[in-house]
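S.K.: Sharing a structure below in structure tokens format, with a few things to ask.
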Amino acid sequence: MKRIGVFVCHCGINIAETVDVKRVAEEALKMDGVAYAQDYIYMCSEPGQALVREKIKEEKLDAVIIAACSPNLHESTFRTAAEEAGLNPWQCEIANIREQCSWVHSDREKATSKAINIVGTIVQKTRLNESLEPIPVSITKKALVIGGGIAGIQAALDIADSGYKVILVEKESSIGGHMAQLSETFPTLDCSQCILTPKMVAAGKHPNIELMTYSEIEEVSGYVGNFKVRIRRKAAFVDWSKCNGCGLCMEKCPSKVSSVFDRELAKHGAIYVPFPQAVPNKPVIDKDSCIYFKSGKCRLCEKVCEIGAIDFEQEDRFVEEEVGAIITATGFETLPVADLAEYGAGDVPDVIDGLAFERLLSASGPTVGEVRRPSDGTIPKEIVFVQCAGSRDPERYKPYCSKICCMYTTKHALLYKHRVHDGQPYIFYIDIRTGGKGYEEFYHNAEEEEGIIYLRGKVAKIFRDGDKTVVWGTDTLTGRNIEIAADLVVLATAMIPKDSTAELVKKLRIQTGPNGFLSEAHPKLRPVESINSGFYIAGAAQGPKDIPETVAQASAAACKVISLFSRDHLEQDPAIAWVDEDLCGSCRICISVCPYDAREFDEEKGIVIVNEALCEGCGSCVAACACGATQQRNLSDSQIKSMVTASLGGG
Amino acid sequence: MSENTGLAPPKSPPIRLTREIVNAGFKQRVNELSGQHMDACYQCGNCSSGCPLAQEMDILPSRVMRLVQLGQSDDIINGGTIWICASCFQCTVRCPKGIDIQAVMDALRQIAMEEGVDHFGPDQISPELAASVPQPGLVGVYRKLAT
């Protein structure tokens, strides 16, 4: 019989406070097959691991059970320790007595007996565990980055610079994202375009980066190291291989379409580039606004294009790519002003959002950097900024803090003051949050030296009165309500994930949290990885964050990809499904239940086999198999039966 | 001084802020007279929490600072706080932004006197009262009035 060692962790007081760990060890020692049992305060620490290694040798143990936290956290830690002491890693099992016991119970007596029961169950499993070898899997050393904002650009550049190929997919016709819309950036007031466009150009020219703009992900299959991706290259109705970006077509186009890039403060033709510094600098035709597509007449762009790049017959194309890792950096958008009923729902003139104000401040914007209000083009002298417009409002809008608004609103007020010296900016806020290098100093300067009035209170109502937009707020610091007849109101609307994110995560099979932002594998220790291997996340798609944080996260995600690509091959967990070929009745139920497309019918053998590289070991096919042909390694029917018996208190 | 029971909401109309109110007159005058910079106050409240006479005041020192920032002079000039202030300098030494709040109080008293608001003029002190008040108290009062 196997000699099993049981090691019971206190986890400081996390387990020991609720579970009598010494008794768990004593009871474990009485179980069949258990040759040694011991408790220790921090089993994952080096002395704890050393204890496990020593006892494996001293006590000639064939298998070990670590009764501690979730296997998600430390299974690999202890399997490595067991391997160092000469055991096969699959002879090391975790009995989870923290997340599934001590953390969720308060009655010490009952929690202790439950912990003993959990250990007993795992002892039954361990007795029948086979020694396994990891399955080697090859890696395609090419990355896919989804999203061409600053996060995607940075990640793509970092991976490309280390010598690996990258495909950078962007939904719009140009990379650049929201950062291209910004005027100047806090707290140093560098011009956003000046620091971004060189990176856009670098990404466009990099020999290792293949730009696929105006493209969307259609389908993703495969697994870490070996993904297959189907990408839709949307019809631009312009042959980009011919187009030289002269811009004549855009000049001549008679259509007028509100510019999404300029937050509808300006118009462009139906054939357009979103902004002059676009990369690639190639136009697309907006089919819904093009006169030719609507009425069958016009084709003016085609007539003026001397090189014949206009192609009204163009259709969406699909390309298949193979990549080894995928970074999702799909960014954010902001809560529409139309959603904010008390702030006019978009119907009160001269109430705009922060991104629109960025366009008004931008030297390349619709007013060439002059602050002019949309209704009549006059320069506003009284300007009100409203923070937390939809953020920190769990009852009606978003419960979270959008994190960047305190800083960008301060920047807005400051830049306004620099342009309109006799104007007065007011900022309504709930709290001012300036956690970041140089941020608090930036805010103090704005408040002390620039004459910006900060008013502590949430604005209740915004309405039009003549040519003024009246703001009703309060100042809790004086205990008085405040009324301001403003010329322009700027709302710091909540940051929300891009609306396309929900659809994309279904294709990628990665997770999002309650507010639709991408979930990280661990909030502190694995912040740029998705829980599904091979998927990485970066930027505001993961949660509200500013540019420095986004860039740091993008580089971190790139680093993870580079580390993955630096290996010769990957190792797949062998604890997956296998088929007893003599028993398989080829009913193919397993194929229909497999969520990973890992089961396929083998014509030659006449049975259904397991694609080991795709199998995630979920057990669905094992449960569905009518004739018991499919079994899970180290979770065989007999193991599960004995585990169930043990958990019900039987021998 | 109003009776504040803490039960009823303040019976005051909203402050209608304009750039003229914020920038004209009052705040600038306080800055000039005190040599302090009112916008430096970030409303931490340390001056109020350390003030030994706060319990006697109708407006706490930090709120006096706030009202000046918004150009609101009436409540301060007509209120009791600036006269109850003992010029003990507790607020000045505690202020994390280095504002000499005692100097601000001096400036406010001066503005109150300029505007003819005389809460405790020498002519109001009857000979009987003068005889019963300790001398240092009277000296203190005159010092305040003379600033």
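S.K.: Condition first: closer than 16 Å to residue A:94 by Cβ and not polar (S, T, N, Q). Now tell me which residues in the stretch A:26-50 satisfy that.
M.R.: Matches in the stretch A:26-50: A:28, A:34, A:37, A:39, A:40, A:42, A:43, A:44, A:48.
S.K.: Looking for whichever is within 35 Å of the chain's Cα centre (by Cα) and in a strand (DSSP E or B) here; the options are A:342, A:320. Which one fits? Give the steps one after another, and end with the answer.
M.R.: Numbers: A:342 fails: in a strand (DSSP E or B).
Unique residue meeting the criteria: A:320.
S.K.: Output the number of residues of the stretch A:331-343 satisfying the condition of being touching a helix residue (DSSP H, G or I) at 6+ places or on another chain (Cβ under 9 Å), closer than 19 Å to residue A:412 by Cβ and buried (at least 20 other Cβ atoms within 10 Å of the Cβ). Steps first, answer last, please.
M.R.: Going through the stretch A:331-343, the residues touching a helix residue (DSSP H, G or I) at 6+ places or on another chain (Cβ under 9 Å) turn out to be A:331-334, A:337, A:343.
Among the residues that remain, those that are also closer than 19 Å to residue A:412 by Cβ are: A:332-334, A:337, A:343.
This time we only want the ones that are buried (at least 20 other Cβ atoms within 10 Å of the Cβ), so: A:332, A:334, A:337, A:343.
Adding up the residues that qualify gives 4.
S.K.: Could you run through the stretch A:506-517 and say how many residues are closer than 21 Å to residue A:534 by Cβ and either in contact (Cβ under 8 Å) with a residue 60 or more places away in the chain or assigned to a loop (DSSP other than H, G, I, E, B) (or both)?
M.R.: Here is the first cut: in the stretch A:506-517, the ones closer than 21 Å to residue A:534 by Cβ are A:506-513, A:517.
After this cut, where a residue has to be either in contact (Cβ under 8 Å) with a residue 60 or more places away in the chain or assigned to a loop (DSSP other than H, G, I, E, B) (or both) as well, the list is A:507-511, A:513, A:517.
Matching residues across the stretch A:506-517 total 7.
S.K.: Please enumerate the residues belonging to the stretch B:23-33 that are touching a helix residue (DSSP H, G or I) at 6+ places or on another chain (Cβ under 8 Å) and within 11 Å of another protein chain (Cβ to nearest Cβ).
M.R.: B:27, the sole residue that qualifies.
Condition check ((1) within 14 Å of chain B (Cβ to nearest Cβ); (2) not in a loop (DSSP other than H, G, I, E, B)) across all residues:
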{"site": "A:455", "(1), (2)": "yes, yes"}
{"site": "A:462", "(1), (2)": "no, yes"}
{"site": "A:471", "(1), (2)": "yes, yes"}
{"site": "A:474", "(1), (2)": "yes, yes"}
{"site": "A:478", "(1), (2)": "yes, no"}
{"site": "A:483", "(1), (2)": "yes, yes"}
{"site": "A:490", "(1), (2)": "no, yes"}
{"site": "A:499", "(1), (2)": "no, no"}
{"site": "A:502", "(1), (2)": "no, yes"}
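S.K.: Tell me which residues, restricted to the stretch A:219-237, are crowded, with 20+ Cβ neighbours inside 10 Å, touching a Gly at 6+ places or on another chain (Cβ under 9 Å) and part of a loop (DSSP other than H, G, I, E, B).
M.R.: A:225
S.K.: So, one more: Which numbered condition in (1) within 13 Å of chain A (Cβ to nearest Cβ); (2) modelled with pLDDT under 95 is the only one that residue B:63 fails?
M.R.: For residue B:63, the failing item is (2).
S.K.: Scan the stretch A:52-92 for residues that are in a helix (DSSP H, G or I) and among the hydroxyl-bearing types (Ser, Thr, Tyr) and jot them down.
M.R.: Within the stretch A:52-92, A:76, A:77, A:80 meet the criteria.
S.K.: Return the residues of the stretch B:66-103 that are touching a Leu at 6+ places or on another chain (Cβ under 6 Å), buried (at least 20 other Cβ atoms within 10 Å of the Cβ) and away from every other protein chain (no Cβ under 13 Å); say none if nothing qualifies.
M.R.: B:82
S.K.: Does residue B:106 satisfy being more than 10 Å from chain A (Cβ to nearest Cβ) and not in a loop (DSSP other than H, G, I, E, B)?
M.R.: Details: more than 10 Å from chain A (Cβ to nearest Cβ): yes; not in a loop (DSSP other than H, G, I, E, B): yes.
Yes, satisfied.
S.K.: Here's another thing I want to ask about it. Could you tell me which of the residues B:55, B:36 is away from chain A (no Cβ under 11 Å), out of contact with any Leu (no Cβ under 8 Å at 6 or more places or on another chain), buried (at least 20 other Cβ atoms within 10 Å of the Cβ) and under 22 Å from residue B:95 (Cα atoms)?
M.R.: On the way: B:55 fails: buried (at least 20 other Cβ atoms within 10 Å of the Cβ).
Just one listed residue meets the conditions, B:36.
S.K.: A further question on this structure: So in the stretch A:421-450, with the set limited to residues that are surrounded by fewer than 18 Cβ atoms within 10 Å (Cβ to Cβ) and not charged (D, E, K, R), which one is nearest to the other protein chains (Cβ to nearest Cβ)?
M.R.: Per the criteria, the residue is A:444.
S.K.: To continue, here is another question. Does residue A:94 count as in contact (Cβ under 8 Å) with a residue 40 or more places away in the chain, crowded, with 16+ Cβ neighbours inside 10 Å and outside the structural domain of residue A:524 (by TED's automatic domain parsing)? Outline the logic, then answer.
M.R.: Values: in contact (Cβ under 8 Å) with a residue 40 or more places away in the chain: no; crowded, with 16+ Cβ neighbours inside 10 Å: yes; outside the structural domain of residue A:524 (by TED's automatic domain parsing): yes.
It is false that residue A:94 is in contact (Cβ under 8 Å) with a residue 40 or more places away in the chain, crowded, with 16+ Cβ neighbours inside 10 Å and outside the structural domain of residue A:524 (by TED's automatic domain parsing).
S.K.: If you check residue A:411 against the conditions, is it in contact with an Asp or Glu (Cβ under 6 Å, 6 or more places away or on another chain), crowded, with 17+ Cβ neighbours inside 10 Å and in a helix (DSSP H, G or I)? Write out each step before concluding.
M.R.: Numbers: in contact with an Asp or Glu (Cβ under 6 Å, 6 or more places away or on another chain): no; crowded, with 17+ Cβ neighbours inside 10 Å: yes; in a helix (DSSP H, G or I): yes.
No; evaluated as a whole, the condition is false for this residue.
S.K.: Looking at A:183, A:173, A:138, A:131, which one is surrounded by fewer than 24 Cβ atoms within 10 Å (Cβ to Cβ) and touching an Asp or Glu at 6+ places or on another chain (Cβ under 8 Å)?
M.R.: Numbers: A:173 fails: touching an Asp or Glu at 6+ places or on another chain (Cβ under 8 Å); A:138 fails: touching an Asp or Glu at 6+ places or on another chain (Cβ under 8 Å); A:131 fails: touching an Asp or Glu at 6+ places or on another chain (Cβ under 8 Å).
Going through A:183, A:173, A:138, A:131 in turn, just one is surrounded by fewer than 24 Cβ atoms within 10 Å (Cβ to Cβ) and touching an Asp or Glu at 6+ places or on another chain (Cβ under 8 Å): A:183.
S.K.: Name the single residue that is farthest from residue A:89 (Cα to Cα) among those in the stretch A:594-651 being among the aliphatic types (A, V, I, L, M) and in a loop (DSSP other than H, G, I, E, B).
M.R.: Let us first name the residues in the stretch A:594-651 that are among the aliphatic types (A, V, I, L, M), namely A:598, A:607-610, A:613-614, A:622-624, A:626, A:629, A:635, A:640, A:643-644, A:646, A:648.
In the following step, the residues that additionally are in a loop (DSSP other than H, G, I, E, B) were identified as A:598, A:613-614, A:626, A:629, A:635, A:648.
Values: A:598: 24, A:613: 19, A:614: 21, A:626: 31, A:629: 26, A:635: 15, A:648: 28 Å.
Filtering first and then ranking leaves A:626.
S.K.: In the stretch A:153-169, is there at least one residue being of a type in the set (A, V, I, L, M, F, W, C), touching a Pro at 6+ places or on another chain (Cβ under 9 Å), under 21 Å from residue A:229 (Cβ atoms) and surrounded by fewer than 24 Cβ atoms within 10 Å (Cβ to Cβ)? Talk me through it step by step, then tell me what you get.
M.R.: Our first condition is that a residue be of a type in the set (A, V, I, L, M, F, W, C); within the stretch A:153-169, this holds for A:153, A:155-157, A:159-160, A:166-169.
Now drop any that are not touching a Pro at 6+ places or on another chain (Cβ under 9 Å), which leaves A:160.
Keeping just the survivors that are under 21 Å from residue A:229 (Cβ atoms) gives A:160.
With surrounded by fewer than 24 Cβ atoms within 10 Å (Cβ to Cβ) added as a condition, the list becomes A:160.
Yes.
The values are calculated or read from the model by the stated rules, or taken from the named source; none is laboratory data. Treat the numbers as computed from the prediction; the structure is a model and nothing was measured. Note: ideal-geometry Cβ built from the backbone for every residue, glycine included; neighbour counts use all protein chains shown.
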